[in-house]
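Have a look at the structure below, then the notes.
The values are calculated or read from the model by the stated rules, or taken from the named source; none is laboratory data. Bear in mind the structure is a predicted one, so any value in this text is a computation, not a measurement. In this analysis, Cβ positions are derived from the backbone assuming ideal geometry, glycine residues included, and neighbour counts consider all displayed protein chains. To get the accessible areas, we keep the full protein, side chains included, count just its heavy atoms, and leave off ligands, DNA and RNA. Shrake-Rupley method; radii C 1.70, N 1.55, O 1.52, S 1.80 Å.
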Amino acid sequence: MNENVTAPLRARAEIDLAALKANVRALRAHAPGAAFMAVVKADGYGHGMIPVARAAKDAGAEWLGAATAEEALELRAAGLTGRIMCWLWVPGGPWQAGIEADLDMSVSGMWALREVVDAARATGRVARIQLKADTGLGRNGCLPADWPELVREALKAQRDGFVNVTGLWSHFACADEPGHPSIAAQLTAFREMVAHAEGEGVAPEVRHIANSPGTLTLPETHFDLVRPGIAMYGISPSPEVGTPGDFGLRPVMTLKANLALVKHAPGGLGVSYGHHYVTPGETTLGLVPLGYADGIPRHASGTAPVLIDGKRRTIAGRVAMDQFVVDLGGDEPAAGDEAVLFGPGDGGEPTAEDWAVASGTIAYEIVTRIGSRVPRVYVDGEGGTVHEEGGTVDEESGATRA
């Protein structure tokens, strides 16, 4: 066994790839008639894009979804085959590289269509494009008033042999709020815009609008393909509707650190910057070597929970760049003992949702913002040892650092 793998780390994010695969299967069961796109943007929501993508594909995902072209090209460079879609483009983007990598590339307006046609002409290859409709999110996508022109020009480019329109798609604004009137309005708009495009001659392989909450709670939105993001990582997209367990999901990331220091402190001691916490009496303090440079929200100061020595503690005072303090209340764990910031919750540890509530944000942000200073350690109880390029493997536990 490689001793370097089992040596203590300052901190680590343990990624349970078996849980991720089980989540993919559970989500597929919610939409059995639709293809599955595993959304792995933002470094797999902080979990590690390449290992997550491979695990999702192993569990049956037919498509991979990335936000940027650079992310999608990285997936290809890592040897991921099959369909990969990316949707966030700016003028001058790497359209030629996307065509050569056989990506499905989203087009939201005429400038993008012109650039992808130019790139197809330069490469001598047909570009696969998907037309995005803005059905009411008011963000990326083509508004209904501009849709006829985009469809008409895309079909002309297709007849000229430059593009193949493989999909029509959109994105919800409030699918995580059951009963919100915008859901029905957007679904109606999507159907109308799809009908127009198909009436003009577009024959898409896939029509899709369902994100995580759509996949879980809105079967009428499934169409040909669903695009789960946060739910694939075991976090509920609609906490007010159900916990991960209610949807058959399990959180994939567990964030841990080793205590850097435990010390006795007198009453009246100001703790961390600004002395927003003052010890109420004699106590012990534990130093957790994670801070906002690692992605720990500064807004969690004084509120977020941590499991240490079998008990939930609360951050004492401000989160600093590299560290924060907890009041151990007189308990005396040793330096080097484990602090669990969040995980699935079944061992008494807080969850990412607990941290989101404490920080006034959403759990998406909690996991996605964990930075590159925190090694990801991959464990796959289903498939045994995980091998990742650039990582070291514990042959007994199946853990990999990347």
message: Residues that are open to solvent by 10 Å² or more (accessible area, probe 1.4 Å) and either over 15 Å from the mean Cα position of the chain (by Cα) or without any contact (Cβ under 8 Å) to a residue 24 or more places away in the chain (or both): does segment 45-52 have at least one?
response: no
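In segment 115-122, is there at least one residue being open to solvent by less than 10 Å² (accessible area, probe 1.4 Å), touching a residue at least 40 places away in the same chain (Cβ under 8 Å), among the hydrophobic types (A, V, I, L, M, F, W, C) and part of a helix (DSSP H, G or I)? Walk me through how you get there before you give the answer.
Taking segment 115-122 first, the residues open to solvent by less than 10 Å² (accessible area, probe 1.4 Å) are 116, 119-120.
Next, only the ones that are touching a residue at least 40 places away in the same chain (Cβ under 8 Å) stay: 116, 120.
Restricting the remaining residues to those that are among the hydrophobic types (A, V, I, L, M, F, W, C) gives 116, 120.
This time we only want the ones that are part of a helix (DSSP H, G or I), so: 116, 120.
Yes, that holds for at least one residue.
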query: Taking segment 353-365, which residues are open to solvent by 10 Å² or more (accessible area, probe 1.4 Å) and assigned to a helix (DSSP H, G or I)?
result: E353, D354, V357, A358, S359, Y364, E365
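Would you check if there is a residue in segment 179-195 being modelled with pLDDT under 95 and surrounded by fewer than 22 Cβ atoms within 10 Å (Cβ to Cβ)?
Going through segment 179-195, the residues modelled with pLDDT under 95 turn out to be 179.
Okay, now just the ones that are also surrounded by fewer than 22 Cβ atoms within 10 Å (Cβ to Cβ), so 179.
Checked against the condition, which is being modelled with pLDDT under 95 and surrounded by fewer than 22 Cβ atoms within 10 Å (Cβ to Cβ), segment 179-195 yields at least one hit.
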message: When you scan segment 42-51, do you find a residue that is touching a Lys or Arg at 6+ places or on another chain (Cβ under 6 Å), in a loop (DSSP other than H, G, I, E, B) and closer than 16 Å to R376 by Cβ, even just one?
response: yes
message: For segment 87-114, give me each residue that is open to solvent by less than 50 Å² (accessible area, probe 1.4 Å) and part of a helix (DSSP H, G or I).
response: W95, A97, G98, I99, M110, A112, L113
field: Filtered residue count, segment 53-66, keeping only those that are open to solvent by less than 10 Å² (accessible area, probe 1.4 Å), part of a helix (DSSP H, G or I) and in contact (Cβ under 8 Å) with a residue 60 or more places away in the chain
entry: 2
- prompt: Quick check, is A72 free of Cβ contacts under 8 Å to residues at least 60 places away in the same chain and in contact with a strand residue (DSSP E or B) (Cβ under 6 Å, 6 or more places away or on another chain)?
  reply: yes
message: Quick test of your reading of the structure: W87 fulfils all but one of (1) touching a Ser or Thr at 6+ places or on another chain (Cβ under 6 Å); (2) under 23 Å from A29 (Cα atoms). Name the failing condition by number.
response: (2)
- prompt: Any idea which of L113, L103 is under 23 Å from the mean Cα position of the chain (by Cα) and closer than 21 Å to H171 by Cβ?
  reply: L103
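Sort out which residues of segment 316-347 are over 20 Å from T284 (Cβ atoms) and of a type in the set (G, A, S), and write them in order of number. Don't jump to the end; show me each part of the working.
Step one: list which residues in segment 316-347 are over 20 Å from T284 (Cβ atoms), which gives 321-322, 342-347.
Within segment 316-347, G343, G345, G347 qualify.
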- request: Please verify whether segment 247-259 includes one or more residues that are free of Cβ contacts under 8 Å to residues at least 40 places away in the same chain and either aromatic (F, W, Y) or farther than 30 Å from R373 by Cα (or both).
  value: no
query: Within segment 154-169, can you find the residues that are in a strand (DSSP E or B), among the aliphatic types (A, V, I, L, M) and either open to solvent by 40 Å² or more (accessible area, probe 1.4 Å) or closer than 11 Å to G201 by Cα (or both)?
result: V165
- request: Consider only pairs whose beta carbons are under 7 Å apart and that are at least six residues apart or on different chains; among these, list those whose first residue lies in segment 327-351 and is more than 30 Å from L249 (Cβ to Cβ) and whose second residue is in a loop (DSSP other than H, G, I, E, B) and hydroxyl-bearing (S, T, Y).
  value: D327/T279
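Hey, can you tell me all the residues within segment 69-86 that are open to solvent by 10 Å² or more (accessible area, probe 1.4 Å) and over 22 Å from I366 (Cβ atoms)? Working first, answer last.
Restricting attention to segment 69-86, the residues satisfying the condition of being open to solvent by 10 Å² or more (accessible area, probe 1.4 Å) are 70-71, 73-74, 76-83.
If the condition is that a residue be open to solvent by 10 Å² or more (accessible area, probe 1.4 Å) and over 22 Å from I366 (Cβ atoms), then E70, L73, E74, R76, A77, A78, G79, L80, T81, G82, R83 are the ones that fit.
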statement: From the option list A133, A127, A119, A61, single residue qualifying as closer than 20 Å to F190 by Cβ and touching a Phe, Trp or Tyr at 6+ places or on another chain (Cβ under 8 Å) is A133
query: What is the one condition in (1) open to solvent by less than 60 Å² (accessible area, probe 1.4 Å); (2) of a type in the set (D, E); (3) under 27 Å from the mean Cα position of the chain (by Cα); (4) more than 20 Å from P239 (Cα to Cα) that E338 does not satisfy?
result: (1)
query: Would you say G302 is in a loop (DSSP other than H, G, I, E, B), at positive phi and at pLDDT 95 or above?
result: yes
Segment 273-322, subset touching a Phe, Trp or Tyr at 6+ places or on another chain (Cβ under 7 Å) and of a type outside the set (A, V, I, L, M), residue nearest to A13 (Cα to Cα): G291
- prompt: Checking L307 against (1) open to solvent by less than 30 Å² (accessible area, probe 1.4 Å); (2) part of a loop (DSSP other than H, G, I, E, B), which single condition isn't satisfied?
  reply: (2)
